[in-house]
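Before any comments, here is the structure.
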Amino acid sequence: MVRHTRREFLKRTAMAGGALAAGPLMSTVPFGIASAQESAAPPVAPGRDGSAPLLQMCIARWKGASAASPDEMKTLATKLTEQAVATLGGMNRFVKRGDVVWVKPNMAWDRAPEFAANTNPDVVATLVRLCLDAGAKAVKVGDKTCNEDKKSYPSSGIEAAVKAAGGEIVYIDDGRFKEMAINGQRLDKWLVYPDIVESDLVINVPIAKHHSISKVTVCMKNYMGVAGGQRGQWHQDLATCLCDITRFMKPRITVVDAIRILTGNGPTGGNIADVKRLDTIAAGTDVVGLEAFGTELLGCRPEESKMVTAAQKAELGQMDYRKSALREIEVA
Amino acid sequence: MNSKRRATLIVWVRRVVQAACLSLFVVLLHAVHVNDSAPPSPWLKFFFDLDPLIPIGTWLSVHSLPSFPWLALITLIATVLLGRVFCGWVCPLGVVHNATSWLRKYVRKTPHPRDNWTRWQRGKYYLLAGLLVMAVFGSHWIGVFDPMSLLFRATAAAVYPGAQYVVEDAATDVYQSDPHVGSLHLKAVTEPVYRFMRDTVFGRKGQTFDGGALILVLFAGIVLLNLYKNRFWCRYVCPLGGLLGVCSPRPVMRLVNTPGCTGCGLCAMKCPAAANPDKPGDWRSTECFGCWNCVATCNKGVIDFKFKSPLPAPSSARLDLSKRALLSAGAGGLAGLVAFRLSPQSQARSYNPVLVRPPGARDERAFLQRCLQCGVCMKACPTNGLQPTLFEAGLEGIWTPVLVSRIGYCEYNCNLCGQVCPTQAIQPLPLGEKQKIKLGLATFDTGRCLPYAYNRECMVCEEHCPTPKKAIYFIIQDLKTRDGETITLKQPYVDPDLCIGCGICEYVCVFKDQAAIRVTSANETRHSGNRPILPGLPGLGPAPAESSPEPAGDPYAQTQSNPYGSR
């Protein structure tokens, strides 16, 4: 039985006060950063496995046996994705029970997965499964493709993988775009696919690729897949337009597929010699940090990338991702 | 069972078979594109394979066939034995005509008079003669009049897209305008119906075809003629009907009149072929469709089909073609061919820049000697890029396929058109080979292209170029602006050794009215005479590792290296 003495009371109060004061000192998030991402993130909850809340980025690298066969690649991709998301706090950090989730991969090109033109299908399928396990009502997957969708969807391997994981494949219907207010610096209104933006959560899953115009295409360019109309015009001021659409989409979670990257002749690829295996997945809430990371993977300096610097200036995130709440893990 | 009851049963069986054949035709039409990644089923060509006019016409013009026409032979044998049962029971166009003729009684107040044979029915034989003479001398207009080709072309280029447009446009209008009463939205009803139609019934995005209106009008005209005379096309025009008629002067199954006929003429009122069932000595076996309407109508039971020896003539009726008219028809066919060949383009004196043919298409002369103008390739093309010509290939090449990159490009990983072509006018090529064929060459219009003419960054074309080493590259230029400043822009160039003319650059170019990069037929692999570029020259870019294959493309080449036959 506790004795209600004055000493006891003072001891208890001191301990409580100490804990309150120590909490912020012990957390890994510096107070200085108040990015747009924090306000967009759902209310903070510690991850199920007790990992630190408000982790902004996780880089997962494969350190297991080298994978070659399709099954080994599938295991690699699945484990990397699972662990990257788990380190961020688990999918529950982003998905509420009953949510309708749209997973937005890059499946724009009529290329098989080995050519690294589209997102790895096993990564997409794993995300679908994680969302469903977190209690999502439905998980939809789709992209406004550049090649014919009836060819791109199956060739990318994503259609089959998503269906096997219990997700819903959606073919974009050109007649169903609606004009929306982007209210950007360059884009005032643009045709956007309502099905996507009306979802409770959009998970952006790009693949890191070489791109002649922007040098590199990672997170922000992948958002073009939600837009219709004459998107070709955007190339006349690509960095600004991509910042506009990224701000419009309010990114909450981005998963960068760098298991295979395309180092040349992007974004269509087609030459297997241009594909490099990095066996890495980077996931996080800071789209600019991930953009910078992807840029580095392709051998470019983020400071030299117009996309990254424009996004930094537009206050969409922090390009120096090492300064943010980052954890790098090894997966086997 | 008396003959009338038996005949009534046979008539009903016939109707079921006809409905099944037309349904099968529609199903096969629908199946042309449904699964783009799997190789197309050989069943797609079923009706073309059944049709004997196609292998005969093709063999006459090129002396080779892709494979032995077994099914066509079966049709011919059946016709020799049973008469024109193909016309009466199987031909899907015939079913359309039959159905329209049946509607006649609702359109015209007067009942159909006794319909006896007239000399006009010889017209189809003369047309057949003209077309066959034309084929002998190397031209292939069979496809313009062949019923399978005609029906497929009309349904694929006009009827099907028209129906799809009506459904989809209406549904999209409702979706976009979103009429609602309170929280009751009309689109909640229309969207599920629309999605079902789009995914299950139509199975692909709606297609549009240049000249679809003309094809529709002609088809509607042909069909509406049934309201004037039953099965007008089948009686007076159809060259396949003529061919089958030529094969059935002495069938084994014959119409026989027994004494007791009162001459009431009911049978002749019901005969769609005007084959004179009411005239015992004058029954026209070459016209009769074997539909059994006459026997089913006869109240006295005095006519019936019986199996008899083929040796004696079935009646005094003869084909009775006037030699003079036949010769004139043949001469007309020849004159038509000469007329086709008067143009410089037909003799390879000039090349039409817009005539970009599908990948695997033979050189123009060989192509036109096989192309049926059927439209299967156009239906199959996943991007809707293959369009029917009007005069771009001359009158001889009317309704043959041309790639219009503004509408649809040639998908890099697709070789469907060659796989579905019934006569291999477009050769079926393995994907790797198809990807090396140049359809043409992309050329920049630097008076429009943004980095050249408007000092703006673009390069959407280069972004989409599908070749493993891109055929569009850029050179970074420093350019002066109007304010005297210097900006740095990427200016695109085409590598003519690598460009395969697929057209995706033109398709995605931001200029949607007239693209700033356009593919013309120059440098096409199939014509050695249309090559501006000396291959493998080190110039602005490094020479490619491999150069494109060299089939002889000369329109007059007799020794073209093609595994499917000579010429």
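We did not get these values from a lab; they are worked out from the coordinates using the rules stated. Keep in mind it's a predicted model, so treat the numbers as computed, not measured. FYI the Cβ positions are ideal-geometry reconstructions off the backbone, even for glycines, and counts take in every protein chain you see.
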- Task: Determine by what factor the alpha-carbon radius of gyration of segment B:254-308 differs from 2.2 N^0.38 Å, reporting the quotient.
- Result: 0.96
- Percent of Cα pairs exceeding the 36 Å cut-off, where the set is chain A: 18 percent
- Inter-part distance where segment B:445-476 and segment B:248-281 are each reduced to a Cα centre, Å: 72 Å
- Note on the structure: D (µm²/s, integer) via Stokes-Einstein for segment B:221-275, Kirkwood Rh across alpha-carbon pairs, 25 °C, 0.890 mPa s: value 183 µm²/s
- Task: Take peptide A:145-156, look around each residue's Cβ out to 10 angstrom, count Cβ atoms belonging to other protein chains, and average those counts.
- Result: 5
- Item | Inter-part distance where segment B:129-173 and segment B:94-119 are each reduced to a Cα centre, Å | 24 Å
- Message: Using a Cα-Cα cut-off of under 19 Å, which lysines could be cross-linked to B:Lys323, ignoring same-chain neighbours fewer than 8 residues away?
- Response: B:Lys124
- Task: Round to the nearest 0.05 the FRET efficiency obtained for A:Thr75 and A:Ile272 when R0 = 30 Å and r is the Cβ-Cβ distance.
- Result: 0.85
- Return the subset of B:Lys187/B:Lys379; B:Lys436/B:Lys470; B:Lys45/B:Lys438; A:Lys209/B:Lys512; A:Lys178/A:Lys313 for which the Cα-Cα distance in this structure is over 22 Å, preserving the input order. B:Lys187/B:Lys379; B:Lys45/B:Lys438; A:Lys209/B:Lys512; A:Lys178/A:Lys313
- Over segment B:345-530, what number does the Rg to Rh ratio reach, with both radii from the alpha-carbon atoms and Rh per Kirkwood? 1.03
- Here the alpha-carbon Rg of segment B:154-223 over 2.2 N^0.38 Å rounds to 1.35
- Note on the structure: For chain B, the longest principal axis of the Cα atoms and the Cα long axis of helix B:123-136 enclose an angle in degrees, to the nearest 10, of 40 degrees
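Rounded to whole Å and ordered largest first, report the semi-axes of the equivalent ellipsoid of segment B:176-279 derived from its Cα gyration tensor (root of 5λ).
50, 20, 15
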- Query: So in the protein assembly as shown, what percent of DSSP beta bridges are antiparallel if you round to the nearest 5?
  - Reply: 70 percent
- Longest principal axis of chain B (C-alpha) makes with the long axis of helix B:212-224 (C-alpha) an angle, in degrees to the nearest 10, of 0 degrees
- Debye calc, one equal point scatterer per Cα of segment B:47-124, no solvent, log10 I(q)/I(0) at q = 0.14, 0.19, 0.23, 0.25 1/Å comes to -0.67, -0.98, -1.16, -1.22
- Viscosity 1.567 mPa s, temperature 4 °C, Stokes-Einstein D of the protein assembly as shown from Kirkwood C-alpha radius, µm²/s: 41 µm²/s
- Item | Simple Cβ-charge dipole of segment A:217-318, Lys/Arg +1 and Asp/Glu -1, about Cα centre, in debye nearest 20 | 200 debye
- Tell me, which longest segment in chain B has none of the GluC sites (Glu not before Pro) that fall in DSSP loops with at most 11 further Cβ atoms within 10 Å? B:1-484
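Starting from segment B:427-479, pick out the trypsin sites (Lys or Arg not before Pro) whose DSSP state is loop and whose Cβ has at most 16 other Cβ atoms within 10 Å.
Sites meeting the loop and neighbour criteria: B:Lys436, B:Arg456.
Restricting to DSSP loop positions (anything but H, G, I, E, B) with no more than 13 other Cβ atoms inside 10 Å of their own Cβ, which GluC sites (Glu not before Pro) remain in segment A:265-332?
Values: sites: A:Glu291, A:Glu296, A:Glu303, A:Glu304, A:Glu315, A:Glu328, A:Glu330; in loops: A:Glu315.
Here the sparse-neighbourhood loop sites are A:Glu315.
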- Reported to two decimal places, what Rg/Rh ratio describes chain B when computed on Cα atoms with Rh from the Kirkwood expression? 1.06
